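The structure appears below as structure tokens.
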Amino acid sequence: MRNLVRYFGLTFLQYIGVVMAFVVLVVLGARYTPLSLFESYTYMMPTMGLWLAPLTLAGCHSTMALPTYFGVRRWNTFLCIQILAVVMELCTLALAVLGTTLIASWNPEYDMVLSVGGIPVLLAASLTVTEMALLAQYLPRGAKQRTASILMVLIMIVLSCSITIGFVKAIGIPLALFPIHALRPGWAVFTLVCAAVAVILGVATWRFYRKAVIRL
Amino acid sequence: MKGTLNDQSLIYRQIAQLLEDGILRGEYPADTQVPSTNELARAFNINPATAAKGINRLVDEGLLYKRRGIGMFVAPGAAEALRQKRRENFAKTQVKAFVREAKRLGLTQQELYSLVKAQAQEEQLP
Amino acid sequence: MTTITKAPAPQPLQADKLCKNYGKQPVLQDLDLTFEPGRIYGLIGRNGAGKTTLLGILSGQNYATGGRALYGGQPVWENSAVLGNLHFAREMSAASELAGLSVKNFLRAGRLFCPYWDQNYADELIKKFELPNKMINRLSRGQMSMVSITAALASRAPVTLLDEPTAGLDVVARERFYRILLDEYQRTGRTFVISTHIIEEAASVFEKVVILDEGKEVADQNTEDLVEQFRYISGPAAELDAALAERGITPLQTQVLGGHKMVAVRGEEALFEELAARDGLTVEGMNLQNVFVALCGHGDEEG
């Protein structure tokens, strides 16, 4: 188990480094420059983990294949990557909470604050995308292409949404979406659905990965 | 270095043959050491077990003996024993094949003897 | 930080009534085999005979549809205690999932996960093979083979399985590989199971040979003992047929040229001596490649 942690640790550190750098830059920017310049970036903070984490995990082609090739038990590898996904996302969200709260404290009109209550919502959403990315690695060829494309589309939607919301905010149209909070009925349902889908996809990934032959 | 081994007969036999030739030629006098299994394996790029089989064959025939921790040595009288063995083999295989070939070519006994005599004289057999 | 853990002695690797189907297609059928510890095995068979599948299942890289793979009596599948003792070096291609890695990162993972990894040996091999630190899918086929070999050898796994390690290697590189393999074998006494198509060249390296044909085991014995059981018998067709009929022998392979016939026959020393004694017949030995073709060529008749 320990070597798996070291193996994934590098990926994790690189990722969290990028996220921290981004958050620090945006926060500093929001502090020392007029908010308008950095506005769109600040809006990206809460939703960043939704696409960056899955992309990172799916990006190393051999994430799960490599330990398996070298004789690591598949269940250990799978478990480790699941834990990694959750940890990555939680860290990202924690930083987002910190970042947005700080920005709000300096700019009272900024109201896209991510509260701690919003964490479960985004965590569930992010895990859904992550599981899809992992599943895409292990589906049989034909299905693989389709899932990969669905994934790409999803990520693009998320990206554009985050920027759109910011844009809409900028124009001043109030959106009932915010604040994101797990206890608000709409978001609660969303969270549960995402969580359920994530679990189903996760189980599917395990079943395919377990029986996979590292392809030549 | 595999070049000296061929695929016409089993490798371990060729190894045994090689060592026997060496003993007969006087390269390995009595009570001197012959190449070890590992040395042979390395020299010919073969499995050490195969090399060992070749050596063991000579041990079984009493041509080599083992000194624990040191290696395989030529037994006294090995050269003579080999010569004897090869003489018997000579009659059984080579002479037989030679005469058969002569038969195929339609030579008479007289013709055969003259050929052999001529060659023996040329080679200066005593 | 890097302590080289000395690898334990190898234990028997066993296929226990192993079955494998890909969909409806049976690839391995009720296979019972044991690879004894500390020997170099050759695994030969035609394309599609199931060699790669067998090696994959034995090392936990593939799962069996029926039966199981055992190492030292313990099941291999998903068994952490056992998996560290096995290594399966696959034939890598540019389409492999692992091909996006650089050579260094690939080997670094080996160092991380293989319990008996020897980095000094790995460095030595990289130098010997002159491997550049490029992406694996940018390497030539021969270089890919060498990366695979390097990982297999440096893993110091007590039982190491190699699938067509010499694919893409030229003759000089192949000879170098056999030499390196034998050196390592002499040093450590690891078990090696090597599947290959280049049979005769490798025959002298294999102490034992296993032949697979259509998912079933057709031979499993000492290489030279196996080869000893086969001969080519040739002579005038009529006489040859008579001699074979007399002893109730069915030839494995037949080749006819005019009135002359040559057959491949399996039998005992005594039989061959008898046949050789007959005037018209010639008895010649076969090498491993000949034996393989005779056993797995399914009586292809020529002439």
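The values are calculated or read from the model by the stated rules, or taken from the named source; none is laboratory data. Model, not experiment: these values are computed from the prediction. For neighbour counting, all protein chains shown are included, and Cβ atoms are generated from backbone atoms with ideal geometry for every residue, glycine included. Accessible surface areas use protein heavy atoms only, side chains included; no ligands, DNA or RNA. Shrake-Rupley method; radii C 1.70, N 1.55, O 1.52, S 1.80 Å.
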**Request:** For the range C:180-188, just list the computed ³J(HN,Hα) in residue order, Karplus coefficients 6.51, -1.76 and 1.60, θ = phi - 60°, integers in Hz, with x standing in for Gly and Pro.
**Result:** 4, 4, 5, 4, 5, 4, 5, 6, 10
**Request:** For C:Glu268 paired with C:Lys104, estimate the spin-label separation in nm (one decimal), with each label point 7 Å from Cα along the Cα-to-Cβ line.
**Result:** 6.4
**Request:** Beta carbons within 10 angstrom, averaged per residue: use that to sort the peptides C:33-45, B:24-36, highest first.
**Result:** C:33-45, B:24-36
**Item:** Shielding by partners - mean other protein chain Cβ count within 10 Å, residues of C:99-110
**Value:** 3
**Prompt:** With θ set to phi - 60° and the Karplus curve 6.51 cos²θ - 1.76 cosθ + 1.60, what are the ³J(HN,Hα) couplings of the range A:122-131 in order, to the nearest whole Hz, using x for Gly and Pro?
**Reply:** 5, 4, 4, 4, 5, 5, 4, 5, 4, 4
**Ranked order, B:Glu61, C:Glu91 - accessible area, probe 1.4 Å, largest first** = B:Glu61, C:Glu91
**Request:** Starting from the Cα of C:Ala276, step 7 Å along the direction of its Cβ; do the same at A:Val24; then give the gap between the two resulting points in nm.
**Result:** 8.3
**Item:** Diffusion coefficient, µm² s⁻¹, Stokes-Einstein with Kirkwood Rh over alpha-carbon pairs of the range C:51-100 at 20 °C and 1.002 mPa s
**Value:** 182
**Request:** Round to the nearest 10 and report in Å² the accessible area of C:Ser96, as given by a 1.4 Å probe over the protein chains' heavy atoms.
**Result:** 10
**Message:** Taking the solvent-accessible surface of protein heavy atoms with a 1.4 Å probe, what is the per residue accessible area of the range B:79-122 in Å²?
**Reply:** 87
**Message:** 5 Å is the cut-off here: which amide hydrogens, built 1.01 Å from N in the peptide plane, fall below it relative to C:Ile40, excluding neighbours closer than 5 in sequence?
**Reply:** C:Phe192, C:Glu207, C:Lys208
**Message:** Using the basic label-point model (7 angstrom from Cα toward the beta carbon), what is the B:Ile70 to C:Asp32 distance in nanometres?
**Reply:** 4.8
**Fill in**
Scattering profile of the range C:160-283 from the Debye formula, Cα beads only, expressed as log10 I(q)/I(0) at q = 0.16, 0.21 Å⁻¹, is -0.87, -1.13
**Item:** Estimated translational D of the range B:11-76 in µm²/s (Stokes, Kirkwood radius over Cα pairs; 25 °C; 0.890 mPa s)
**Value:** 213
**Message:** Please list, ordered by chain and number, the residues whose modelled amide H lies under 5 Å from the amide H of C:Gln253; skip anything fewer than 5 residues away on the same chain.
**Reply:** C:Ala264
**Request:** Treat every Asp and Glu Cβ in the protein assembly as shown as -1 and every Lys and Arg Cβ as +1, leave all other atoms uncharged, and give the resulting dipole magnitude about the Cα centre to the nearest 20 debye.
**Result:** 1900
**Complete:** Whole-Hz Karplus couplings 3J(HN,Hα) for the range A:196-205, θ = phi - 60° and coefficients 6.51, -1.76, 1.60, Gly and Pro as x, run 4, 4, 4, 5, 4, 5, x, 4, 4, 4
**Request:** Could you order A:Trp51, A:Trp106 by accessible surface area, starting with the largest, using a probe radius of 1.4 Å?
**Result:** A:Trp106, A:Trp51
**Item:** Enclosed volume per residue, in Å³, of the convex hull spanned by Cα atoms of chain C
**Value:** 155
**Charge dipole of the protein assembly as shown about the Cα centre (unit charges at C-beta), most positive-ward option of C:Ala277, B:Leu63, C:Pro37** = C:Pro37
**Prompt:** What do you get for Rg/Rh over the protein assembly as shown if you use C-alpha atoms and the Kirkwood form of Rh?
**Reply:** 1.16
**Complete:** Log entry, pair C-B: total buried accessible area, probe 1.4 Å, protein chains only, in Å² rounded to 100, is 1800
**Message:** How shielded is B:4-10 by partner chains, expressed as the average number of their Cβ atoms within 10 Å of its Cβ atoms?
**Reply:** 4
**Message:** For peptide C:80-90, what's the mean number of Cβ atoms from other chains within 10 Å of each residue's Cβ?
**Reply:** 3
**Request:** Assign unit charges at the C-beta atoms only (+1 for Lys and Arg, -1 for Asp and Glu), then state the dipole size of chain C relative to its Cα centre in Debye, rounded to the nearest 20.
**Result:** 1840
**Per-selection Rg to Rh, the range B:79-122 - Cα, Kirkwood hydrodynamic radius** = 1.09
